[in-house]
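A.B. asks: Sharing a structure with you now.
The values are calculated or read from the model by the stated rules, or taken from the named source; none is laboratory data. Quick caveat: nothing in here was measured; it's all calculated off a predicted structure. Here the Cβ positions follow ideal geometry from the backbone for every residue, glycine too, while neighbour counts run over all protein chains shown. To get the accessible areas, we keep the full protein, side chains included, count just its heavy atoms, and leave off ligands, DNA and RNA. Shrake-Rupley method; radii C 1.70, N 1.55, O 1.52, S 1.80 Å.
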There are 4 protein chains.
Amino acid sequence: MFKIQTDLALETRELVQKGLGREIEGVEVEERKEFDDKIKITKVKINSIKGEAILQKPMGNYITIEADGLRDEDFEVQEQVSKILADELESLINVSQKSTVLVVGLGNWNVTPDSLGPKVVSKVLITRHLFEFVPEKVKDRRIRSVCAISPGVLGITGIETSEIISGIVHRIHPDLIIAIDALASRRLERISTAIQIADTGIVPGSGIGNERKGITKDTVGVPVVAIGVPMVVDAAIIANDAIDLLLERLKNETDRSSPLYMLLESIPDEDRFNLIKEVIFPYYGNLFVTPKDIDRIVENISTVIADGINKAIHPEVKENEEYRYVN
Amino acid sequence: MFKIQTDLALETRELVQKGLGREIEGVEVEERKEFDDKIKITKVKINSIKGEAILQKPMGNYITIEADGLRDEDFEVQEQVSKILADELESLINVSQKSTVLVVGLGNWNVTPDSLGPKVVSKVLITRHLFEFVPEKVKDRRIRSVCAISPGVLGITGIETSEIISGIVHRIHPDLIIAIDALASRRLERISTAIQIADTGIVPGSGIGNERKGITKDTVGVPVVAIGVPMVVDAAIIANDAIDLLLERLKNETDRSSPLYMLLESIPDEDRFNLIKEVIFPYYGNLFVTPKDIDRIVENISTVIADGINKAIHPEVKENEEYRYVN
Amino acid sequence: MFKIQTDLALETRELVQKGLGREIEGVEVEERKEFDDKIKITKVKINSIKGEAILQKPMGNYITIEADGLRDEDFEVQEQVSKILADELESLINVSQKSTVLVVGLGNWNVTPDSLGPKVVSKVLITRHLFEFVPEKVKDRRIRSVCAISPGVLGITGIETSEIISGIVHRIHPDLIIAIDALASRRLERISTAIQIADTGIVPGSGIGNERKGITKDTVGVPVVAIGVPMVVDAAIIANDAIDLLLERLKNETDRSSPLYMLLESIPDEDRFNLIKEVIFPYYGNLFVTPKDIDRIVENISTVIADGINKAIHPEVKENEEYRYVN
Amino acid sequence: MFKIQTDLALETRELVQKGLGREIEGVEVEERKEFDDKIKITKVKINSIKGEAILQKPMGNYITIEADGLRDEDFEVQEQVSKILADELESLINVSQKSTVLVVGLGNWNVTPDSLGPKVVSKVLITRHLFEFVPEKVKDRRIRSVCAISPGVLGITGIETSEIISGIVHRIHPDLIIAIDALASRRLERISTAIQIADTGIVPGSGIGNERKGITKDTVGVPVVAIGVPMVVDAAIIANDAIDLLLERLKNETDRSSPLYMLLESIPDEDRFNLIKEVIFPYYGNLFVTPKDIDRIVENISTVIADGINKAIHPEVKENEEYRYVN
């Protein structure tokens, strides 16, 4: 059966709620707007097994920051979003001055929309080696110990990312992992306009790359906060949306009691799925949709996220405008 | 109205012929298969104004080499295709031992499917500077003078590619331009499996980038042979194909004389177009579909094309297996 | 004979003045310090044929901004230098609101210390295509028309850079060229700590790449302002400096009237040259010295320069802190 | 004191033997030439604690393949060297059909001469994920399970490479590691003309990056074969060589019994060291010398090494010329 894949809790909740017609049990939702309503923050908290079962996402907090200005290169919005990201990130993580944070850039640096994670990592302020080898250089500074890696995807390494990460965790014992990933969204307008922060880590099947195992506290042994941004939509969704829209339009022009209406109402899931597969042939599950200027988009959003991370972890960065020259 | 864009003469011809039900006037077509039918070569020659008008492509030769093995990493097929490409390219170009060839890598190196041209250029054997500054080094070798440039796209340079190229031509007077471009195909299965060689150059609106002016003998002053490979499909085509398939399926289940059948038959072009635009919102015309492993695909096909060009231009490369270490 | 190559007018002047023991005729020099003496600005103006002959540089203005903080990642210094660069650049260029500026990134993007020019270009705000194709988008903004190209070096293109640039100029008629180049310095401590702005363009033999022709008003037809930063030192200078230091030390320990002193004093230039060539074998003229963390250095200094250029050209950028998200 | 650093056992042996005037105890040396004497293979076997102490390298086998043709782009020599590398590598490694090999690309991909390891990794045939997830695809093929990683350097990750590698080993249990690294040589003419294979792994202080811990069976738990190619020379060696040459020349012109000769003979090590440090200021230990066309050199030699590795591990590649299209 055709099942819409989305990595955004926000979208899962939309889909489910639309079906239910009311708020979902075991799920708390909180929304606010900032900066002249140009930025919308939605917090979805799944706080019960029930909510977990309904939304098909693990219990935990999912914060989404949405702003069209992220796509439209509104510099002021970008600046604000990086500050909000820093604040929300701080609210989720629980690190002391002595903590070590491991930042993980997931995804394939050779495929533009999937290069978000590695791009962010290249812009994050790395300090762990200073704490280890030249502690005198950092002892009076308001920065924390940060290390990072962009391990590459399964096709490049032949190793599952979760194995690489848990191996490294086993050696260096970070207190927290922040993992950045390019996501697949259910809606085109969310490409590069939504940033999701989740304290549940990366669950299996997230991201463009669809790793088999997740990167969560269970698999790697330390808390994992995931930051994700939709960068692509599965091409199958385009086909599915076209089918939906056409059916809706035909139904609008048809008498509700006619056999035609019945036909339009009753297309079996399997038929729909086969139809989509035929459109997507020979690439089912491996074909994605992305905007032409995805290079510019990744460049911009990776700066916003790296800024947010740097501010959330290092008080010194938060207080100092000149840190723009980091990286 | 929704119009299917394709850069392949092969596909335009298919579409038109399907409509006509017979061969097109003013167009000669020749097909052959090689290497146990694993490689298909189609030559479309538009030899009259009439053919030009019908196919909406300028008069000239369009040679397409098709092989699924190009996508499936069949090394033997890749090797054969590079040889056939070399031979077909030689048949189209007319260069003496003293000629200078300018190879142009079109497209955006920061967007994976659009990086084909620059990738090919980076693997082509460059020799013009030797002929200019150290002629004694090349005088007894069976190589020709080759130079190359990957100018970047409008969004990166702010200059139309045709202006950059014609400026350079004005200064260095090459005898021939070979321009490599990633194309938009009409069919997913042609992504990376078809190589088109055309002696008509790059016409406006070709390629992923949609430059406004073409790169042809008219615009740059010297003959231009274009080598193109489909790397993406416009996302609108996915929506359109889904609509077509659904309508066809509904018609199959409907009595030809029923009002429903009439309705399905008579969807106005404008409605269809609006429907597609709604699916693709907010990205109409700027959204493409590409396979997940596009990085590996570009890497492979760029080697095949660069090999073909090196063999076609330099007899020394054609005769010498060890030239694999070029680049 | 061994001749010390330097692209900095500042260094040529130092060398000549040290020989002369007094200020050079036909050359005006002005120095100032800023930001707690952390930044030093030196203006060398060659205003006569005589000065030109003595300094072996064309008549014109050479402004050098020096700050150790550029190497030491002092973010506040970087911020200040970008502002000073913007001001000094504005003082040299003469552009109206309607002018078009072509920014040229010289050097080889595949060789880290030589990639400065292309890196800067990738961070400059490009707008010419907006003025050409969507003028309504820019008509009320305080920005100017800017285009850019990083043509690549002779070994990559087979074409001299000056030919590519003058070809493009011939087509698009910019009012001004700003060319950025990685320079060879005479002193290690100047690597990445000095930025030279010269309104004389790029003269032959400048930069790491040693193009044969320059990029000047004479060769390309429009005014050229060059921005250069030392990124390497010729390895021969290391050998030469070691010889100098050893000779000096030996002389210090020797009686001025002894035959030994005579010997030390009288090493023929040719012998010294041969000695250096022997040390550098088999790479004379093609071997450079560069710091290990040159990647970080290029990344930082390219941001400072791109910021300075963006501020100098676009009033809107100068007035708006959020433009940090430009890239 | 100034101590010449070299990563080549060949060079250490040369230095020591020159001092001793005879063969070194506990060290076996075997030399042969191939391909019309264009390729020289030297095997240095340190087989005792004594040899270990004298050469300051751990006991084991060091095979060096030298050929000027590697630098001079002699395609036939490159082809031959890749075959010899494959054979010599096979002689050192001991893997069964069921073994898993982890290839590690050491070094910094952002610094051209240090990018050799990551470049090689990008050209190695990766198969472990096929064995894990689609075993039916590989069961009848003559290939082995290979995975790979390029972890990045300390300044990029904040983590010592040996920790990353041993963490991964702990999870995936490879039978063998092949680690590729750019080396520092003692002699300019060895840059890119010598390939060393050592079954002792990467010892601390090797390579351009000077990691503190090595990557050896002791530190990571599985056998490590290191493949290294000199890509740089420490700039201090250039200064030291210039001093040596000048002193020698002065001595040649001086009477052996004169006080001058005494002076030249007796320069204290510390003085020499200070002199070198003065020349190299402010970069002692962090400044290297590399040829201008290092990008081309790295591209070529990385193909030779990746070919050698692919042939040594996968019988299928060894037997099949078309495998050139791998990567």
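A.B. asks: Using 0.36 nm per residue, how much length does the chain from residue C:255 to residue C:15 gain when fully extended, once their Cα-Cα distance is taken away?
C.D. replies: Numbers: separation 240, 0.36 × 240 = 86.40 nm, distance 2.76 nm.
Computed gain between residue C:255 and residue C:15 is 83.6 nm.
A.B. asks: Please compare each pair in A:57/A:137; B:123/D:318; D:43/D:318; A:50/A:217; A:251/B:57 to a cut-off of 32 Å on the Cα-Cα distance and tell me which ones are over it. Walk me through the numbers on the way to the answer.
C.D. replies: Details: A:57/A:137 43 Å; B:123/D:318 24 Å; D:43/D:318 23 Å; A:50/A:217 21 Å; A:251/B:57 40 Å.
Pairs exceeding the cut-off: A:57/A:137; A:251/B:57.
A.B. asks: Same structure, new question: Which of A:55, A:298, A:176 sits closest to the plus end of the dipole of chain A, meaning its Cα is farthest towards the positive end, when Lys and Arg get +1 and Asp and Glu get -1 on the C-beta?
C.D. replies: The one lying farthest along the dipole's positive direction is A:176.
A.B. asks: With both partners inside segment C:29-159, how many of the DSSP beta bridges are antiparallel, as a percent to the nearest 5? Let's see the in-between values first.
C.D. replies: Working: 13 of 18 bridges.
Around 70 percent antiparallel, to the nearest 5.
A.B. asks: Provide Rg over Rh for the protein assembly as shown; use the alpha carbon set for both Rg and the Kirkwood Rh (inverse mean inverse pair distance). Spell out each step's value before the answer.
C.D. replies: Working: Rg = 32.3 Å, Rh = 33.2 Å.
With Rg and the Kirkwood Rh in hand, the quotient comes to 0.97.
A.B. asks: On to the next question. Which whole-number percent gives the relative contact order of chain C, counting Cα pairs below 8 Å spaced six or more residues apart? Working shown, then result.
C.D. replies: Details: 605 pairs, mean separation 67.9, N = 327.
Here the relative contact order equals 21 percent.
A.B. asks: For the protein assembly as shown, give the share of DSSP beta bridges that are antiparallel, in percent and rounded to the nearest 5; count only bridges with both residues there.
C.D. replies: Working: 114 of 190 bridges.
About 60 percent, rounded to the nearest 5.
A.B. asks: Then there is this: For a distance above 25 Å, tell me the whole-number percent of Cα pairs in segment A:28-175 that qualify.
C.D. replies: I get 48 percent for the Cα pairs in segment A:28-175 exceeding 25 Å.
A.B. asks: Shifting gears a bit: At a Förster radius of 41 Å, what calculated FRET efficiency corresponds to the Cβ-Cβ distance of residue C:76 and residue C:170, to the nearest 0.05? Each step should come with its number before you reach the end.
C.D. replies: Numbers: r = 43 Å, r/R0 = 1.06.
Calculated transfer efficiency: 0.40.
A.B. asks: Say R0 is 51 Å: what FRET efficiency, to the nearest 0.05, do residue C:22 and residue A:139 get from their beta-carbon distance?
C.D. replies: 0.55
A.B. asks: Still on this structure, I have one more. Report, in debye and to the nearest 20, how large the dipole of the protein assembly as shown comes out about its Cα centre when Lys and Arg carry +1 and Asp and Glu carry -1 on their Cβ.
C.D. replies: Details: 160 positive and 212 negative charges, 1 e Å.
Dipole about the Cα centre, nearest 20: 0 debye.
A.B. asks: Place the label 7 angstrom along Cα→C-beta at residue A:277 and in each other copy, then list the distances from the first to the rest in nm, shortest first.
C.D. replies: Ordered by increasing distance: 3.5, 7.3, 7.4 nm.
A.B. asks: Another question about this same structure. What is the local net charge at residue C:173, summed over the other residues whose Cβ is closer than 13 Å to its Cβ (Lys, Arg +1; Asp, Glu -1)?
C.D. replies: Working: positive: C:98, C:128, C:171; negative: B:163, C:132, C:175.
Residues close to residue C:173 contribute a combined charge of 0.
A.B. asks: Based on the inverse mean of 1/r over its pairs of different Cα atoms, what is the Kirkwood hydrodynamic radius of segment D:237-284, in Å?
C.D. replies: Values: mean 1/r = 0.0866 Å⁻¹.
By the Kirkwood definition, the hydrodynamic radius is 11.6 Å.
A.B. asks: What is the percent carbon and sulfur in the accessible area of chain D, measuring with a 1.4 Å probe over the protein chains and ignoring ligands?
C.D. replies: On the way: 5910 of 12770 Å².
Roughly 46 percent, rounded to a whole number.
A.B. asks: Span-like helices, chain A: DSSP H, alpha-carbon axial extent 20 Å or more, mean Kyte-Doolittle -1.0 or greater, which ones?
C.D. replies: Details: long enough: A:75-92 (26 Å, -0.06); A:235-252 (26 Å, 0.56); A:294-313 (28 Å, 0.56).
Flagged H segments are A:75-92, A:235-252, A:294-313.
A.B. asks: For chain C, what is the charge dipole size about the Cα centre, in debye to the nearest 20, if Lys and Arg each add +1 at the Cβ and Asp and Glu each add -1 at the Cβ? Show your work: numbers first, answer last.
C.D. replies: On the way: 40 positive and 53 negative charges, 181 e Å.
For chain C, the charge dipole is close to 860 debye.
A.B. asks: For chain C, with every protein chain kept in place, what is the accessible area per residue (1.4 Å probe, Å²)?
C.D. replies: Values: 12780 Å² over 327 residues.
Accessible area per residue, chain C: 39 Å².
A.B. asks: Tell me what chain A gives for mean residue ellipticity at 222 nm when only DSSP H runs of n ≥ 4 count, each as -39,500 (n - 2.57), the sum divided by the residue total, rounded to 500 deg cm²/dmol.
C.D. replies: Working: 14 runs with 135 residues, N = 327.
Here the helix-only value at 222 nm equals -12000 deg cm²/dmol.
A.B. asks: Let me ask you something else. Can you figure out the FRET efficiency of residue D:320 with residue B:53, using R₀ = 45 Å and their beta-carbon distance, to the nearest 0.05?
C.D. replies: On the way: r = 49 Å, r/R0 = 1.09.
Result of the calculation: an efficiency of 0.35.
A.B. asks: List, by residue number, every residue in segment B:111-135 with a reduction of 30 Å² or greater in accessible area between the chain on its own and the complete protein assembly, 1.4 Å probe.
C.D. replies: With the partner chains in place, segment B:111-135 has these residues losing at least 30 Å²: B:111, B:112, B:126, B:128, B:129, B:133.
A.B. asks: Among the residues of segment B:36-85, which ones have their accessible area go down by 40 Å² or more when all the protein chains sit together, as opposed to their chain alone (1.4 Å probe)?
C.D. replies: Buried by the other chains: B:75, B:79.
A.B. asks: In segment A:11-47, which trypsin sites (Lys or Arg not before Pro) fall in coil by DSSP and have 15 or fewer other Cβ atoms within 10 Å? Before the final figure, lay out the partial values.
C.D. replies: On the way: sites: A:13, A:18, A:22, A:32, A:33, A:38, A:40, A:43, A:45; in loops: A:22, A:38.
The qualifying sites are A:22.
A.B. asks: Additional query: Let me test this: with uniform point scatterers at the alpha carbons of chain D, what is the Debye-based log₁₀ I(q)/I(0) at q = 0.07, 0.11, 0.15 1/Å?
C.D. replies: Each listed q maps to, in turn, -0.31, -0.73, -1.28.
A.B. asks: On to the next question. About the Cα centre of segment A:237-284, how large is the charge dipole given +1 on each Lys and Arg Cβ and -1 on each Asp and Glu Cβ? Please answer in debye to the nearest 20.
C.D. replies: Working: 5 positive and 10 negative charges, 12 e Å.
Dipole of segment A:237-284, to the nearest 20 debye: 60 debye.
A.B. asks: Please give the direction-averaged projected area of the C-alpha convex hull for segment C:271-322, in square nanometres with one decimal.
C.D. replies: Working: hull surface 24.6 nm².
Across all orientations, segment C:271-322 yields a mean hull projection of 6.1 nm².
A.B. asks: Something else: What do you get for trypsin sites (Lys or Arg not before Pro) in segment D:54-129 restricted to DSSP loop and a cutoff of at most 14 other Cβ within 10 Å of the site's Cβ?
C.D. replies: Passing both the DSSP loop test and the Cβ count: D:98.
A.B. asks: Counting protein heavy atoms only and a 1.4 angstrom probe, how many square angstrom of accessible surface do chains A and B bury in total, to the nearest 100?
C.D. replies: Details: alone 16860 and 16890 Å², together 29630 Å².
Buried area between the two chains comes out at roughly 4100 Å².
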